[in-house]
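Have a look at the structure below, then the notes.
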Amino acid sequence: MNPSTPPPAARWLAPGTFRGSTALVTGGGTGMGLELSRGLAHLGARVIVASRTPEHHAGLLAEAAERGWQVESRKLDVREAADVEALALELDQSGGIDILVNNAAGNFVCPAERLQARAWRAVLGIVLDGTFYCSRYFGRGMIARKRGQILNVVATYAWTGMAGVVHSASAKAGVLAMTRTLAIEWARHGIRVNAIAPGPFESEGAARNLWPEEGMKERIEAQIPLGRFGRADEMAAHSLYLLSPACEYVNGECFVVDGGLSLGRGMWQPGEARDGRKQP
């Protein structure tokens, strides 16, 4: 591996874009979070990946050692306010963080009438409570330093709705409201707060939890106007763009990256005549 070769998500931004910044990425050891952590590190940031399972960080730490990136690992359960506060206080001792990415999530498909209270609480605890705890405790340091930005990962079904994910949709809708509220409240402190809403992308976790049965992925792909799933590095690339100086006047926005899946498709499908026959 050539240490100078950028990860796919980072090839669109100038070298050193995030030099001098410290970024914390929750759930930063797998999927989109991993690609985003790699991109931030390659572009000069000191990156701290935090999740309940630090074993997931091993690959990134090994790559960082080979490439000369500044990457650190922390064990953190974002559902535990006291643990989040403790990590925020620890990091404040070394200058605090400039970028917070609330990426930790939990999701699975379950009809609402069968969803158990414990399962509902688990997803809301990670997604909604965790995002608030991290925003509050790390945000306090940003307020004191009069700078910083927060990027929250949401989902388009937070406003479109989708069967089987009432727990996640409710939590993500809350995070979207939080994004816009904090964007207004904390702008005076020099803090920007935005969100990104990825569409379906290739991921072991998502495949296991959201389209586990044969044929499900193909049915979802058929609904995407661009005709394919996204990639984790594509989602990370757009996240890096939102965090970059190119977007320093963007605040309270939610950037949708889903190949057009969430757009209304109307009564007629592309290529269909009004009598129902396919056009040539």
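The values are calculated or read from the model by the stated rules, or taken from the named source; none is laboratory data. Computed from a predicted model, the values in this text were never measured in an experiment. Here the Cβ positions follow ideal geometry from the backbone for every residue, glycine too, while neighbour counts run over all protein chains shown.
Here is a list of conditions, (1) more than 24 Å from R121 (Cα to Cα); (2) not in a helix (DSSP H, G or I), and G141 meets all of them except one; can you say which number that is? Just one mismatch for G141, condition (2).
So is T17 at pLDDT below 95, assigned to a loop (DSSP other than H, G, I, E, B) and farther than 20 Å from V78 by Cβ or not? Steps first, answer last, please.
Working: at pLDDT below 95: no; assigned to a loop (DSSP other than H, G, I, E, B): yes; farther than 20 Å from V78 by Cβ: yes.
Here the answer is no, as T17 does not meet what is asked.
Checking A155, A163, A177, A122 one by one, the residue that is of a type in the set (G, A, S), part of a helix (DSSP H, G or I) and either closer than 23 Å to L242 by Cα or more than 21 Å from the chain's Cα centre (by Cα) (or both) is A177 and no other.
Please find, among A122, A112, A117, the residue that is in contact with a helix residue (DSSP H, G or I) (Cβ under 6 Å, 6 or more places away or on another chain) and of a type in the set (A, V, I, L, M, F, W, C).
Details: A122 fails: in contact with a helix residue (DSSP H, G or I) (Cβ under 6 Å, 6 or more places away or on another chain); A117 fails: in contact with a helix residue (DSSP H, G or I) (Cβ under 6 Å, 6 or more places away or on another chain).
Answer to the check: A112.
Considering only the range 186-202, I want to know if a residue exists there that is part of a loop (DSSP other than H, G, I, E, B), modelled with pLDDT under 85 and over 23 Å from R79 (Cα atoms). Show your work before the answer.
Residues of the range 186-202 that are part of a loop (DSSP other than H, G, I, E, B), as a first pass: 190, 199-200, 202.
Pick out the ones that are also modelled with pLDDT under 85 and you get 202.
Restricting the remaining residues to those that are over 23 Å from R79 (Cα atoms) gives 202.
Yes, that holds for at least one residue.
In summary, R11 fulfils each of the numbered conditions (1) under 21 Å from R147 (Cα atoms); (2) surrounded by fewer than 18 Cβ atoms within 10 Å (Cβ to Cβ); (3) basic (K, R) with the single exception of condition (1). Within the range 246-280, the set of residues being touching a Gly at 6+ places or on another chain (Cβ under 9 Å), at pLDDT below 65 and not in a loop (DSSP other than H, G, I, E, B) comprises K278 only.
One residue stands out in the range 181-193 among those that are within 16 Å of L100 (Cβ to Cβ) and among the charged types (D, E, K, R): the one that is surrounded by the most Cβ atoms within 10 Å (Cβ to Cβ), namely R192.
Scanning the range 120-158 for residues being among the polar types (S, T, N, Q) and either at pLDDT below 95 or under 12 Å from V84 (Cα atoms) (or both) gives a total of 3.
For the range 86-95, the condition of being closer than 23 Å to W186 by Cα, surrounded by 14 or more Cβ atoms within 10 Å (Cβ to Cβ), over 21 Å from the mean Cα position of the chain (by Cα) and not β-branched (V, I, T) holds for at least one residue. Counting just the residues of the range 64-83 that are assigned to a helix (DSSP H, G or I) and touching a strand residue (DSSP E or B) at 6+ places or on another chain (Cβ under 9 Å), which one comes out surrounded by the most Cβ atoms within 10 Å (Cβ to Cβ)? Among those that are assigned to a helix (DSSP H, G or I) and touching a strand residue (DSSP E or B) at 6+ places or on another chain (Cβ under 9 Å), it is A64.
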